[in-house]
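Since the structure comes first, as structure tokens, the remarks are kept for the end.
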Amino acid sequence: MELDALDRALLRELQNDARQTNRELAAKTGVSPSTSLERVRLLRRRGVITGYHAVLDLDAAGRPVQALISVRIRPPARAVIEGFREWAARLPEVIGLFVTSGTHDFLIHVAVPNVDSVYAFVIDRLTERREVADVQTTMVYEHVQTRCVEPAAADPARAG
């Protein structure tokens, strides 16, 4: 899917502030409001834009402590992996979940009120599951997130 300079500019501006009006977006990208509106609608239809979300400050939301928890599942069967993934993704402490390769099958990102809550999550939630074979916890000192993701440039090998 080809994205031109205008698509990229619109995406950059929307990632910086999705609450701005279409008129403001058009002015920042140097196009008419009707062009801006149509291009954003097209980006949504094509699945490039999948939604708009509020970003919470975890400290202000009462969840200042973060941890990354690596989990190994046994047996490594599709049904077991999918079942665990669905269960873990619904837990309120979980703010991110990755299915991974290598030594562990999952990397779970949690945000909780305190260190005791991390311990309780691991002991009371994870290790109670029969399929959990191993857990390793890494405390997060600082979490820096990229708010603006630039679309990848077109692959010249695929263009031909």
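The values are calculated or read from the model by the stated rules, or taken from the named source; none is laboratory data. Remember, it's a predicted structure, so these values are computed and weren't measured experimentally. Quick reminder, even Gly has a Cβ in these numbers, built from the backbone with ideal geometry, and neighbours come from all protein chains shown. All accessible areas refer to the heavy atoms of the entire protein, side chains included, with ligands and DNA or RNA removed. Shrake-Rupley method; radii C 1.70, N 1.55, O 1.52, S 1.80 Å.
What the table shows:
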| quantity | calculated |
| --- | --- |
| For region 71-160: rounded, prolate or oblate by the Cα gyration tensor [a/c cutoff 1.5] | oblate |
| Percent of C-alpha pairs per 10 Å bin, region 45-91, short to long | 17, 29, 32, 22 |
| The chain - percent relative contact order, Cα under 8 Å, separation 6 or more | 26 percent |
| Helix-derived mean residue ellipticity, 222 nm - over the chain, DSSP H n ≥ 4, -39500 (n - 2.57), to 500 | -10000 deg cm²/dmol |
| Charge sum, other residues only, whose C-beta stays under 11 Å from Gln15's C-beta, Lys/Arg counted +1 and Asp/Glu -1 | 0 |
| Percent accessible area from carbon and sulfur atoms, the chain, protein chains only, probe 1.4 Å | 51 percent |
| Amide hydrogen neighbours beyond the local backbone of Ile73, cut-off 5 Å, H modeled | Asp105, Ala133 |
| Per-residue HN-Hα couplings for region 81-96 [Karplus 6.51, -1.76, 1.60; θ = phi - 60°; Hz; x = Gly/Pro] | 4, 5, x, 5, 4, 5, 5, 5, 5, 8, 5, x, 6, 7, 10, x |
| Distance between region 91-124 and region 5-29 - C-alpha centres, whole angstrom | 35 Å |
| Separation in nanometres of the label points that stand 7 Å from Cα toward Cβ, at Ala27 and Asp4 | 2.4 nm |
| The chain - accessible surface per residue (Å², probe 1.4 Å) | 66 Å² |
| In order through region 130-139: 3J(HN,Hα) via Karplus (6.51 cos²θ - 1.76 cosθ + 1.60), integer Hz, x for Gly, Pro | 4, 7, 7, 9, 7, 9, 10, 10, 10, 6 |
| Burial order of peptide ranges 109-119, 47-57 (average beta-carbon count within 10 Å, highest first) | 109-119, 47-57 |
| Cα extents of the chain along the three principal axes, largest first (Å) | 57, 44, 23 |
| Cα-projected label distance for Thr138 with Asn16, points at 7 Å along beta-carbon direction, nm | 3.2 nm |
